[in-house]
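The next block holds one structure in the form of structure tokens; read it before the comments.
Taken together, the values in this text are just the output of simple stated rules run on the coordinates, not laboratory data. Note that this is a predicted model, so its numbers are computed, not measured. Please note: Cβ atoms are built from the backbone with ideal geometry, for glycine as well, and neighbour counts cover all protein chains shown.
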Amino acid sequence: MSISLQEGASAPNDKNLNVSSQANHPALYPYFPFPVFLHTILPMTSNDPCACGSGRPFGKCCEPYLTYKTKPKTVKQLVRSRYTAYALGGEGHREYLIRTWHPATAKNIRMADLIAEGHEWKSLEILESTQKGDLGRVEFRAVYSVDGGPDQVHHEKSAFHRNKGVWLYLEGEVSEESA
């Protein structure tokens, strides 16, 4: 399924998605019916600088999103928290990535595929961010390496849809390049 968010386009009709509500955090992430595993040990403390590069402490930046204490209010916050989930890796963060992926485009995503072993995410740069009503776009560059190899750049122009107050990743145009 391809979803286009050109100027004036409408977002997917969520009434037709037929995805059951999730029991533990229906107000935060209503789409996915599996439980939240908050017992996951995060590899950084609340006082450490956040992995997203905001310069803020993890506990006042992305940690509240990754632990489902609150939800991102902007597409920029969602991109930063999803980047941090990739950067920190681990089982609990795969769940966060799934919960923040729009069900219309997440149908073929498997949790096991979300965090590749050996990837080291090094930096995030948000190039542009726009939000209008329940639609948003973010262009960003993320530097990473695989198994200690040369740095690579993941350049993406992402589209987002807000449903019931929850920002969800729809899709992205991705290019990979050497750093």
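Here the residues 155, 161, ranked from fewest to most Cβ neighbours within 10 Å of their Cβ, fall in the order 155, 161.
Of the residues 66, 78, 55, the one whose Cα sits farthest towards the positive end of the charge dipole of segment 40-83 is 78 (charges of +1 on Lys and Arg Cβ, -1 on Asp and Glu Cβ, taken about the Cα centre).
Taken along the Cα-to-beta-carbon direction at a fixed 7 Å, the label points for residue 163 and residue 176 span 2.9 nm. One chain, two ends: residue 132 and residue 152. Fully extended at 0.36 nm per residue, the span grows by 4.1 nm beyond their Cα-Cα distance. Exposure proxy ranking for 79, 166, based on other Cβ atoms within 10 angstrom of each Cβ and starting from the fewest, stands as 166, 79. Residues 46, 81, arranged from fewest to most other Cβ atoms within 10 angstrom of their Cβ, appear as 46, 81.
The tail of the calculated P(r) for segment 100-179, taken as Cα-Cα distances beyond 16 Å, holds 60 percent of the pairs. Couplings 3J(HN,Hα) for segment 83-88, derived from phi with the Karplus relation 6.51 cos²θ - 1.76 cosθ + 1.60 (θ = phi - 60°), are 4, 4, 4, 5, 5, 7 Hz, where x marks Gly and Pro. A DSSP coil position with no more than 14 other Cβ atoms inside 10 Å describes the following trypsin sites (Lys or Arg not before Pro) in segment 103-179: 107, 110, 164. When the GluC sites (Glu not before Pro) in segment 70-178 are filtered for DSSP coil states and for at most 12 other beta-carbon atoms within 10 Å of their beta-carbon, the remaining sites are 117. With the convex hull of its Cα atoms as the shape, segment 51-166 has an orientation-averaged projected area of 7.3 nm². Phi angles of segment 164-172 translate, via the Karplus equation with coefficients 6.51, -1.76, 1.60 and θ = phi - 60°, into HN-Hα couplings of 6, x, 10, 6, 10, 6, 9, 6, x Hz per residue; Gly and Pro are given as x.
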